[in-house]
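Worksheet: one structure, shown below.
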Amino acid sequence: MRALGMIASATLFATIAGCVGAQARTLEGAAWSATTTRPKSTGIRILDGADGYHLLVTKGKSRCAANKPGTTPASTYLYFAIDGARKAAVRGAVYVAVEYYDDSLGGMVTLEYDSKDGDSIPARYRHAEARAGGWTLGAHAWRTAYFELRQPRFGGRQNLGADFRLSGTRLYIRSLRLTTKRPADWAKRSVMPRVHITPKVKIGSGGQLIIGGFDPARASDVPSMTAALEAMVPGLKSIGVTSHEGYVRWNLCEPEEGTYDWSVYDAFVRIYKAHGLKWVPFLIIGSAYSLPDWYYKKPGSQGYVCLEHGQESDVDSLWNPVLKKHVARFIKAFCERYRDQGVIETILLGVTGNYGEAIYVVTGNDWTADIHGPYHTHPGYWAGDPYAIESFRAWLIHKYGGFDRLRDAWGTGAGSIGEIRPFLKQNAPNERAWLDMCDWYIGSMTEWSRWWLQETRRHFPKGDIQLCTGGHAPSEHGSDFGMQCKIAAEIGGGVRITNEASDYASNYAVTRWVASAARQYGARYSFEPAGDVNAQGVVVRVYNATASGANGLHYYFPNIFGADANRASFEKWGSEFRQRKPVVEIAVYYPQTHVKLNGNDFLDYVRPLRERFDYEYMSDGQILDGGLKRVKALILMHGSISEAAVWSRIAEWVEAGGLLLYADGMGRLRSVEGDDSWHDRIVRPQGKGRSVVFKGLGNTGDFRDFAAKTLADAPELSAGTRAMVTEDGRDDRVFATLLEGNRLLWLNATDQPVARSGRILPPWSIVETPATGN
C-alpha cells in the first residue's frame, strides 16, 4: 500500500517540477504527504482544530487525511501552514498540486488562501484564481487538481494560523506540493471528464426539490461559486433536484444608482441553461447585506429603530417610502432581464429582516454583516423611525375614526394624536392599546408583503411567486402566517417557511400554521431548514413535506451532501417526496390574541400533541374567514382570551354540529373587554354540536390521553380519521397522517422497527398503509 502511494506521489511531483527563479527557491520542494505511519511534512504542516479537525484513514489503498466527523463546529476544511523560511521569498504566483480521492458523484475540491489583497476576511480566505481539475465524479480513484494563487501573502491569518485551506464535499487528501511553475499538463486537467448520471431519487410530478448554497457575497466570488455549482450538477441531478436557489443581492445588481449590471447572475443562468436546472432567485432588497454603497446610510435611507434602545439598525425600514420606490424599480428591472429566459422555477421574495424573511429584525450579527460590518440587531420591536410613527398614527385614526374614540378605548390621558407613538408592552395603557400596537405592527408586515407580491406579479404574470417567511410568530416578529398565506393566494402564489431542523414534532409545530392556512386559502407552500440537518432530519423533513402536501422542499447543500449518512438517507427516502393530499378533520385553536398579550408559549402545548394524531391549526384570522367549515373537531387547549367576533364564529360552528374539546385549566373564555358570556355558549352549547370538557391543563399527558380517546370514538369524524387516531394515539415517536383514498402515511422516528397497520416500519422510515377504520 505504501509503495502505491509513493509511486503516485513521485509521478505528481515530477510533473510540476521545473526551473524556478532564485527569489522563490525556498518555496520549491515544500510538500506534505500522508504515509503508512504518520504525515511527512517538508515545509508544510497540516493543522488541527476549529472547523478543521482531521484524521488519517485509508482510502483507495492509500493513507490520507480526511475531515473528522462529529465535531462541533463541523470540520469542513483541512488547514495547512507553510514554514516561514519557505514562504519568505515568495513574490509572484504560486501553484498548489493536490492529490485527492474522487469518492462521490458531484462536487469539487476548492482552495482558499491568505492573500495580500488587504486585511479583510475575504482577503484572508481568497479563492484560488484558477483551478485545473478537482471534480468529484464518483470515479473511486485518486486524482490530481492544480490551483493558481496569484496574490499570496501567506501571513498565517486564517483559522489556526493557516496559510491556506482545502474544502470539498468530503475530503481525502493524500499529498500536496507547492511550486512557482505552471504545471505542464494544466490544460489537460482543466477538461471535466464525461460522467453518466444514474438517478437515485425520483420525486413526485409537480414537486420542487430546491438546493441552496453557492452564493457570492461579492462579484469576485462568482468564478469560484459558479465553478463549485457546476461541479455539483451531476450530484444534484442524481437525487432529483429541480432547481438551485440563489440570493440575488441588490448591491450586486445595481452598483450605481440607475445602472444595472447583471453579470453576476448571468453567470449562474448560463449554468442552468447548460445543464437543464431551474432557478429560484431569492430577491433581497432592504436587508443589511443587500444595500449598495450608494444607498447605505446615505440621504433617503432609513433603518429600523428599536423601541428598546432608540438605536437604528442597518436593515432598512419597510415604512420608508424611498425604499419602496427602489424595490419597485428593481423588481421591474429583474423581471425584464430574466422573465423570458425560461430558467425561473419560482421567484422567492426576501422582503425585509436580517435575512430576507417577512419578519422584523430578530437576531444577532453573523454573515449578514459581511458587507457593511456589524449593526444594531436583536429581538424586539422595531417601530421607532419617523415613518413608522407616522404610519401608526394614521392607522389608529383610520380604525377609530377620530382621536376621541381612541382615547376612550385606551383610557389614555394623551391630549392629541401627535402625542401617540409606538410603545412597548409595559407602557401600554391597557390590553386594547397593546393589541392595537400589535395589530398595526403585524399588519404593516402583511401589507408590505402584499405589495411585494402584487408588484412582482405585475411584472411576472405567469409562474410561481413565493413569499419567504420564518421564525415562530411571536408578535415582535411581525408575522401572521395565516394572513401571509392569504395574500400569497391572492396573486396565485405561495409561502416558503424557513424554520425546520431535525426533530419531526418540532418541525411540525412551526410549519403547521403555514400548511393549514395555505390549504384553506389555496396557496402553494414549501419548507426550508433554518440551519443544520442530521441524517435522521433528512428523512423527517421529507415526511413533513409530503404528509403536509407541500409542493416544495428545500435543503441547503451541506444538509444532504455534507455527510455520507445524510446523502444515503435522502437517496433512500427522497422518492417519498410526492404531492400527497392529507385529510385533516381535527384542528387546534391557534390563540392569536393570547400570543399577542402573553408571548408565544402555544408551541409547547401542541408539539407533544402531534404524538397522538394529525391536526390543523385554526387561527383567529382563519376562523373569521370561514376556516371552521373545513374541520369537524376543534381543540381549545391554551389561550382563553380572544376577540368577540372569533368566539361568535366558534359558538355558531359548535351549535351547527361541531365537536369541541376544551381543557378547563386554561380558564373561562372571555373577550378582550372582559365579557365571559361566550364561555357558556361555547362550552355548554345549544343545537346540534357538543363540547367535551377535560378537567385540567392542556399540556399534560392526561389531556393528550383524553383527546385521543375522545376523538377515536367520535361519530362526528370519518372512519379514516378515527382509525388514524386509534392506530397512532400514543407517545412513541411514531406518527401517522390520513391521506385521500383512506390511506395512512407513517413515520417511524425511532432506532427500532415497529409494527403498525399489519406492517413492520423500519427505523427512520416512511411507509404507506391502508387505514382500517371502525
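The values are calculated or read from the model by the stated rules, or taken from the named source; none is laboratory data. Everything numeric here is computed off the predicted structure, so don't read it as measured data. Here Cβ is always computed from backbone atoms with ideal geometry, including for glycine, and neighbour counts include all displayed protein chains.
Could you tell me whether any residue of region 461-471 is among the hydrophobic types (A, V, I, L, M, F, W, C), surrounded by 15 or more Cβ atoms within 10 Å (Cβ to Cβ), free of Cβ contacts under 8 Å to residues at least 24 places away in the same chain and not in a loop (DSSP other than H, G, I, E, B)?
No, because not a single residue in region 461-471 is among the hydrophobic types (A, V, I, L, M, F, W, C), surrounded by 15 or more Cβ atoms within 10 Å (Cβ to Cβ), free of Cβ contacts under 8 Å to residues at least 24 places away in the same chain and not in a loop (DSSP other than H, G, I, E, B).
Is there any pair with a first residue in region 114-131 that is assigned by TED's automatic domain parsing to the domain that holds TYR95 and a second that is assigned to a helix (DSSP H, G or I) and basic (Lys, Arg) whose Cβ atoms are under 7 Å apart and which are 6 or more apart or on different chains, and what are they?
Filtered contacts from region 114-131: ASP114/ARG124.
Which numbered condition in (1) under 23 Å from the mean Cα position of the chain (by Cα); (2) part of a helix (DSSP H, G or I); (3) over 17 Å from VAL201 (Cα atoms) is the only one that VAL595 fails?
All conditions pass for VAL595, except number (1).
Restricting attention to region 84-93, does a residue exist that is in a strand (DSSP E or B), among the charged types (D, E, K, R) and either closer than 26 Å to LEU229 by Cα or in the same structural domain as GLN151 (by TED's automatic domain parsing) (or both)?
No, region 84-93 contains no residue that is in a strand (DSSP E or B), among the charged types (D, E, K, R) and either closer than 26 Å to LEU229 by Cα or in the same structural domain as GLN151 (by TED's automatic domain parsing) (or both).
Which of the residues spanning region 46-83 are over 32 Å from the mean Cα position of the chain (by Cα) and either of a type in the set (Ser, Thr, Tyr) or not assigned by TED's automatic domain parsing to the domain that holds ARG153 (or both)?
Result: THR58, SER62.
Is there a residue being acidic (Asp, Glu) and in a loop (DSSP other than H, G, I, E, B) anywhere in region 118-129?
Yes.
Which one of TYR304, TYR338 is in the same structural domain as THR446 (by TED's automatic domain parsing), within 24 Å of HIS472 (Cβ to Cβ) and touching a residue at least 60 places away in the same chain (Cβ under 8 Å)?
Only one candidate qualifies: TYR304.
All but one of (1) on the phi > 0 side of the Ramachandran plot; (2) buried (at least 22 other Cβ atoms within 10 Å of the Cβ) hold for GLY240, so report the exception by its number.
For GLY240, the exception is condition (2).
Suppose we filter GLY599, GLY626 for residues that are modelled with pLDDT under 95, surrounded by fewer than 20 Cβ atoms within 10 Å (Cβ to Cβ) and at positive phi; which single one remains?
GLY599
If the requirement is being over 37 Å from the mean Cα position of the chain (by Cα) and surrounded by 15 or more Cβ atoms within 10 Å (Cβ to Cβ), which of these qualifies: GLY689, GLY729?
GLY689
Return a yes/no flag: does region 556-564 have any residue that is hydrophobic (A, V, I, L, M, F, W, C), crowded, with 23+ Cβ neighbours inside 10 Å, outside the structural domain of GLN426 (by TED's automatic domain parsing) and assigned to a strand (DSSP E or B).
Looking through region 556-564, none of the residues is hydrophobic (A, V, I, L, M, F, W, C), crowded, with 23+ Cβ neighbours inside 10 Å, outside the structural domain of GLN426 (by TED's automatic domain parsing) and assigned to a strand (DSSP E or B).
Hand me the list of helices (runs of 4 or more DSSP H) wholly inside region 218-291 holding 1 or more residues that are within 24 Å of THR469 (Cβ to Cβ) and at pLDDT 95 or above.
Fully inside region 218-291 and qualifying: 250-253, 263-275.
Residue by residue, here is whether (1) in contact with a Leu (Cβ under 7 Å, 6 or more places away or on another chain); (2) aliphatic (A, V, I, L, M); (3) part of a helix (DSSP H, G or I); (4) more than 30 Å from ASN748 (Cβ to Cβ) holds:
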{"site": "GLY443", "(1), (2), (3), (4)": "no, no, yes, yes"}
{"site": "GLN454", "(1), (2), (3), (4)": "no, no, yes, yes"}
{"site": "MET483", "(1), (2), (3), (4)": "no, yes, yes, yes"}
{"site": "ALA509", "(1), (2), (3), (4)": "yes, yes, yes, no"}
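If CYS438 satisfies every condition in (1) in a helix (DSSP H, G or I); (2) within 24 Å of ALA328 (Cβ to Cβ); (3) in contact with a Ser or Thr (Cβ under 6 Å, 6 or more places away or on another chain) but one, which is the exception?
Looking at each condition in turn, CYS438 falls short on (2).
In region 359-400, what count of residues is obtained for those that are in a loop (DSSP other than H, G, I, E, B), out of contact with any strand residue (DSSP E or B) (no Cβ under 9 Å at 6 or more places or on another chain), buried (at least 16 other Cβ atoms within 10 Å of the Cβ) and among the charged types (D, E, K, R)?
0
Does GLY696 qualify as being assigned to a loop (DSSP other than H, G, I, E, B) and either small (Gly, Ala, Ser) or free of Cβ contacts under 8 Å to residues at least 24 places away in the same chain (or both)?
yes
Residue by residue through region 494-503, note down the ones that are over 12 Å from the mean Cα position of the chain (by Cα) and either outside the structural domain of LEU348 (by TED's automatic domain parsing) or crowded, with 24+ Cβ neighbours inside 10 Å (or both).
Within region 494-503, GLY494, VAL495 qualify.
When region 614-660 is examined, which residues are found to be within 12 Å of GLU585 (Cα to Cα), among the aromatic types (Phe, Trp, Tyr) and in contact with a Phe, Trp or Tyr (Cβ under 9 Å, 6 or more places away or on another chain)?
TYR617 - this is the single residue of region 614-660 that is within 12 Å of GLU585 (Cα to Cα), among the aromatic types (Phe, Trp, Tyr) and in contact with a Phe, Trp or Tyr (Cβ under 9 Å, 6 or more places away or on another chain).
Looking at ASP314 and the list (1) surrounded by 15 or more Cβ atoms within 10 Å (Cβ to Cβ); (2) modelled with pLDDT under 95, which single condition is not satisfied?
(2)
Restricting attention to region 72-83, and to residues there that are assigned to a loop (DSSP other than H, G, I, E, B) and surrounded by 15 or more Cβ atoms within 10 Å (Cβ to Cβ), which single residue is modelled with the lowest pLDDT?
It comes out as ALA74.
Please go through region 156-179 and give me each residue that is touching a strand residue (DSSP E or B) at 6+ places or on another chain (Cβ under 9 Å) and either surrounded by fewer than 21 Cβ atoms within 10 Å (Cβ to Cβ) or of a type in the set (Lys, Arg) (or both), ordered by number.
GLY156, ASN159, LEU160, GLY161, ARG165, SER167, ARG170, ARG174, ARG177
Would you mind stating whether TYR295 is among the hydroxyl-bearing types (Ser, Thr, Tyr) and either more than 22 Å from GLU230 (Cα to Cα) or at pLDDT below 95 (or both)?
Yes.
Please determine whether any residue of region 180-195 is of a type outside the set (A, V, I, L, M, F, W, C), touching a helix residue (DSSP H, G or I) at 6+ places or on another chain (Cβ under 8 Å), assigned by TED's automatic domain parsing to the domain that holds LEU78 and closer than 26 Å to GLY276 by Cβ.
The answer is no; no qualifying residue exists.
Based on this model, can you work out whether GLY92 counts as more than 28 Å from the chain's Cα centre (by Cα) and modelled with pLDDT under 95?
Yes: the conditions hold for GLY92.
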